[in-house]
1. Nearest 20 debye, what's the magnitude of the dipole of the chain about its Cα centre given +1 on Lys and Arg Cβ and -1 on Asp and Glu Cβ?
2. Can you pull the one-decimal nm distance between simple spin-label points at PHE95 and GLU137, each 7 Å off the Cα toward Cβ?
3. Order the following by accessible area, largest value first: HIS102, HIS50, HIS58. Probe radius 1.4 Å; ligands, DNA and RNA are ignored.
4. Of all DSSP beta bridges in the range 4-76, what percent run antiparallel (nearest 5)?
5. Looking at the chain, what % of its DSSP beta bridges pair antiparallel, to the nearest 5?
6. Which log10 I(q)/I(0) values, to two decimals, does the chain give at q = 0.09, 0.10 Å⁻¹ under the Debye formula with one point per Cα?
7. By its C-alpha gyration tensor, with a ≥ b ≥ c as the square roots of the eigenvalues, how is the range 130-193 shaped: rounded for a/c under 1.5, else prolate for a/b larger than b/c, else oblate?
8. Highest GNM mean-square fluctuation, the chain, Cα pairs closer than 10 Å: which of GLN85, GLN128, GLN52?
Amino acid sequence: MEGVQLIGVWGSPFSRRVEIALKMKGIKYEFIEENLRNKSELLLKSNPVHKQIPVLLHNSKPIVESLLILEYIDETWNQNPILPQDVYDKALDRFWASFFDHKVVPAMRKTRASRPGKESEKAVEELQTLLMILENEINGKKFFGGNKIGFVDIVGLFLAYWFPLILEAMGKEQVMTIDKFPGLCKWTDNLLNCSVIKENLPDKEKLVTFLRALFLVTTTT
Ligand SMILES: N[C@@H](CCC(=O)N[C@@H](CS)C(=O)NCC(=O)O)C(=O)O
């Protein structure tokens, strides 16, 4: 089939990344909602290694892993670049995107899964150490991408939108407060006020219900 399709889940920050990139480029696409509890043949065939969403289908050819999909989109459609043109700046963006996905995301998961008491305190401390690195990196800039949103901002969106809702659901709002992380909190406001972001976020109430249900499942299995 010709064209662009995205296999995703409406509440997933990973598939929202891809949607935002496609919107930024003005690319029309068909969204195929996946059921992760009963994975479709299309998903299993398109991403046989990880069996995860998101998957971008471009003229029926699958591209998997959200960071790679973002790069693919940026290289396929040149308008409104997402990554910097400069090779060194591009390498730095890849570094920070990888930092988000391979350091911050696991630390968040650990915080969520940790038992109350010492284990939870240690997990929060580790997470805050990572957040402080990001706080130093944003250092007065409007976005990680400078004056306009770029690769790292799109990748980091989960920290701005999903993370505070998760913290709220866990009763751990004190983890990322404005007094501890003023730069990150300001970046959050800047990001969530961008029209391409604002118009493409999952509905807050629906997301809170979805996250609560997800936590209930993952903590009892
Ligand atoms: N590294 C992947 C992570 C994607 C991911 O975690 N997808 C989750 C949904 S948010 C998924 O498909 N989970 C189903 C599973 O792992 O079985 C990416 O960046 O695309």
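The values are calculated or read from the model by the stated rules, or taken from the named source; none is laboratory data. Not measured: the values here are computed from a predicted model. Positions of Cβ are generated from backbone atoms using ideal geometry, with glycine treated the same way; all protein chains shown enter the neighbour counts. Ligands, DNA and RNA are stripped out before the accessible areas are found, and what is left, the full protein with its side chains, is counted by its heavy atoms. Shrake-Rupley method; radii C 1.70, N 1.55, O 1.52, S 1.80 Å.
1. Magnitude of the dipole: close to 420 debye.
2. A separation of 0.9 nm, rounded to one decimal place.
3. From most accessible down to least: HIS102, HIS50, HIS58.
4. Given both bridge residues lie in the range 4-76, the antiparallel proportion sits at roughly 65 percent.
5. Antiparallel bridges: around 70 percent, rounded to the nearest 5.
6. Debye output, listed in q order: -0.37, -0.46.
7. prolate
8. GLN85
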